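Data first, discussion second: the structure below is written as structure tokens.
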Amino acid sequence: MKILNPVQMITDDICFQTENQRRFRLRAAGIIIENKQILFAHNEKEPYYYSVGGAIKLGETAEEACIREVFEETGIHYEIDRLAFIHENFFKRDDGTLKGLDCHEINFYFLMKSRGTQVLNSHSSTLGIPEHMAWLPMNALDQYEAYPMFFRTKLKNIKTSGFEHIITRG
């Protein structure tokens, strides 16, 4: 396997693309819930909402990456409550920046401690494209193209301890 685009050599992100259009990324994200709404990000290039988080950097723990990414995207110093999900995600997009790529992503989802407010200080961007934060109602997630999709059911009855391992092929 020849790696064509070793992103980690440029940014230290644990992410690479092979010559046969396969992409791998190791990611950490926060689950931020306030007033029965969950925080998602979106931008003009992607037709969907996505979890607040991003690539883990070489030498960085998943927890450190989550705290850093959540701060970069929200402008707020959230604290981690606990690891909630480990998600192995295999997918292919027909649109957006990942169009045509067979993607394999491993994501650590951390439940963040509530701050009691939805006020953010967000000025983030991804690949130079401004990101916008959106509070989506937890009981209406099925009305949005929001990833990961398992949030629709799993967050309604989230466990109070431990974590869940989820594999998605789609």
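The values are calculated or read from the model by the stated rules, or taken from the named source; none is laboratory data. Just so we're clear, the structure is a prediction, and the values are computed from it rather than from any experiment. Here the Cβ is made from the backbone with ideal geometry for all residues, glycine too, and neighbour counts use every protein chain on show.
For the reader, a short list of remarks on this structure follows.
- Pairs where the first residue, in the stretch 142-165, is touching a residue at least 12 places away in the same chain (Cβ under 8 Å) and more than 14 Å from I32 (Cα to Cα) and the second is surrounded by 15 or more Cβ atoms within 10 Å (Cβ to Cβ) and of a type in the set (A, V, I, L, M), C-beta under 6 Å, 6+ apart: Y144/L136; F150/I166; F163/L83; F163/A84; H165/I86
- Options I76, I67, I56, I106: the member that is under 19 Å from M149 (Cβ atoms) and out of contact with any Ser or Thr (no Cβ under 7 Å at 6 or more places or on another chain): I106
- Count of the stretch 48-65 residues which are among the hydrophobic types (A, V, I, L, M, F, W, C) and assigned to a helix (DSSP H, G or I): 2
- Residue within the stretch 98-113 that is more than 24 Å from E63 (Cβ to Cβ), out of contact with any strand residue (DSSP E or B) (no Cβ under 6 Å at 6 or more places or on another chain) and not hydrophobic (A, V, I, L, M, F, W, C) present: yes
- For the stretch 66-79, taking the residues that are buried (at least 18 other Cβ atoms within 10 Å of the Cβ) and either touching a residue at least 40 places away in the same chain (Cβ under 8 Å) or part of a strand (DSSP E or B) (or both), the one that is farthest from the chain's Cα centre (by Cα) is identified as Y78.
- For the stretch 81-93, the set of residues classified as surrounded by fewer than 16 Cβ atoms within 10 Å (Cβ to Cβ), more than 14 Å from I106 (Cβ to Cβ), modelled with pLDDT of 95 or more and not acidic (D, E) consists of R82 only.
- Pair list, Cβ under 7 Å, 6 or more apart: the stretch 34-56 residue polar (S, T, N, Q) and at pLDDT 95 or above, other residue surrounded by fewer than 15 Cβ atoms within 10 Å (Cβ to Cβ) and assigned to a strand (DSSP E or B): Q37/P137
- Once the stretch 136-170 is narrowed to residues that are basic (K, R) and part of a loop (DSSP other than H, G, I, E, B), the residue that is surrounded by the most Cβ atoms within 10 Å (Cβ to Cβ) is K159.
- Counted residues, the stretch 94-135 - those being under 17 Å from A55 (Cβ atoms), modelled with pLDDT under 95 and part of a strand (DSSP E or B): 5
- Of the residues making up the stretch 63-93, those that are in contact with a helix residue (DSSP H, G or I) (Cβ under 7 Å, 6 or more places away or on another chain) and over 16 Å from S51 (Cα atoms) number 1.
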